[in-house]
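The values are calculated or read from the model by the stated rules, or taken from the named source; none is laboratory data. The shown structure was predicted, so the numbers you read here are calculated from the model rather than taken from an experiment. Cβ sites come from the backbone with ideal geometry, for glycine too, and all protein chains shown count toward neighbours. Each accessible area value is taken on the protein alone, full model and side chains, heavy atoms only, with ligands, DNA and RNA left out. Shrake-Rupley method; radii C 1.70, N 1.55, O 1.52, S 1.80 Å.
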Protein chains: 2
Amino acid sequence: MTKAVRLEEGDASKVPVPAGSNKAVSIMDLVSRLVGITGTLGAAIAMGTNEQTLPFFTRFVRFDAQYDDFRSFRLFVVVNAIVCAYFFLSIPLSIVHIMRSAARGTRILLVILDTIMLALLTAGASAAASIVYLAHNGNSSTNWLPVCQQYGDFCQGASGSLIGSFGGVVVFILIILLAAIALSRQAKRVV
Amino acid sequence: MTKAVRLEEGDASKVPVPAGSNKAVSIMDLVSRLVGITGTLGAAIAMGTNEQTLPFFTRFVRFDAQYDDFRSFRLFVVVNAIVCAYFFLSIPLSIVHIMRSAARGTRILLVILDTIMLALLTAGASAAASIVYLAHNGNSSTNWLPVCQQYGDFCQGASGSLIGSFGGVVVFILIILLAAIALSRQAKRVV
């Protein structure tokens with residue numbers, strides 16, 4: 001208990017909140033972030049290494065596909081790498097929240113950063129998803145033919161890497177929800 | 001003052017916070033939501049009415065483009081309509097926050113809903129943006145030709161409607177930031 005009190009000294013609010021009250025929520029937050037790291041890292045690697053060359057070519061066209069051919073896929077890789085790095089950097093703060101249940105300023109800081117990263121990750125994942133959809137189904141009015149019959153492996157790789165990224169989106173919504181719960185609990189306890 | 005106290009009676013926290021302390025933040029929140037309504041409504045209408053028929057046709061192909069031809073654009077219209085309705089429904093709660101600075105539970109509820117809507121709107125806007133990019137530039141490796149030279153008006157309409165939608169995304173990030181500021185101010189005042 002003395003350790004917990006000492007750790008809380010640096011907190012601006014200095015409200016006499018019993019330590020450990022938000023511990024379960026903070027531990028779930030940490031676990032969610034670890035899941036997020038796995039998901040976004042996996043998505044970035046899966047998309048970044050996604051490449052397929054067909055075993056034939058003509059005089060005019062070389063048949064190969066890689067993520068670099070699509071701006072949206074390039075964006076996807078960059079965004080997932082950024083979000084993965086952010087998750088990694090937010091781990092220490094998340095651990096601090098487990099030890100210091102009363103921490104309020106850092107929780108609000110994390111909510112804001114989480115929100116911005118949520119927007120970034122959703123943008124990257126959706127842009128890539130719309131291209132994957134187009135690759136599968138094509139579009140008749142613009143004469144864009146589906147390419148997944150030729151580039152089956154490439155399409156599968158791209159579709160699979162979306163899963164990790166949208167998993168990251170779910171993680172963000174969950175941890176913002178957890179932060180809101182933690183903040184509202186503090187409010188009740190103060191009263 | 002009696003009125004303010006009476007209004008705060010329904011609040012769970014019942015902390016003696018002076019009324020009007022978060023008023024400026026709450027008014028900014030309300031104004032941001034009104035901007036958000038304009039942006040998303042404009043985006044939904046602009047995209048929903050976007051259509052262009054070319055003055056010639058062949059035996060095989062009829063040259064017309066409308067938003068309905070692209071799943072991503074259809075999603076865009078639906079998402080913007082949903083978010084616009086949400087903004088509209090959240091106005092009463094935002095007005096309540098102007099009168100009741102100490103409101104905490106409803107603020108946290110709005111933060112959570114805002115976060116979900118932010119993810120939804122970003123997804124719709126980005127999916128549409130990636131298709132607009134493709135329409136402008138095409139993709140050589142999949143043989144998807146740019147169509148904006150033929151469908152100039154259609155492309156301009158689609159690009160323009162993205163502005164309103166991304167404006168809505170910025171509004172959401174701003175109001176989540178404002179809610180975090182309001183919550184952190186309450187925390188300081190309680191101490």
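Details
- Subset of region B:134-148 (residues that are in contact with a helix residue (DSSP H, G or I) (Cβ under 7 Å, 6 or more places away or on another chain), of a type in the set (Gly, Ala, Ser) and in a loop (DSSP other than H, G, I, E, B)): B:141
To keep it simple, each residue is scored yes or no on (1) more than 14 Å from chain B (Cβ to nearest Cβ); (2) free of Cβ contacts under 8 Å to residues at least 12 places away in the same chain.
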| site | (1), (2) |
| --- | --- |
| A:98 | yes, no |
| A:101 | no, no |
| A:104 | no, no |
| A:107 | no, no |
| A:112 | no, yes |
| A:117 | no, no |
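- Only one entry of B:125, B:158, B:180 meets the criterion of being under 15 Å from the mean Cα position of the chain (by Cα) and either among the hydrophobic types (A, V, I, L, M, F, W, C) or within 8 Å of chain A (Cβ to nearest Cβ) (or both), and that entry is B:125.
- In this structure, residue B:72 does not satisfy being more than 10 Å from every other protein chain (Cβ to nearest Cβ), of a type in the set (Gly, Ala, Ser) and in a helix (DSSP H, G or I).
- Unmet criterion (only one of (1) open to solvent by 10 Å² or more (accessible area, probe 1.4 Å); (2) within 10 Å of chain A (Cβ to nearest Cβ); (3) without any contact (Cβ under 8 Å) to a residue 24 or more places away in the chain; (4) closer than 24 Å to residue B:54 by Cβ) for residue B:144: (1)
One line per residue, one yes/no per condition, for (1) among the hydrophobic types (A, V, I, L, M, F, W, C); (2) open to solvent by 50 Å² or more (accessible area, probe 1.4 Å); (3) at pLDDT 95 or above:
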site	(1), (2), (3)
B:75	yes, yes, no
B:98	yes, no, no
B:104	no, no, no
B:121	yes, no, yes
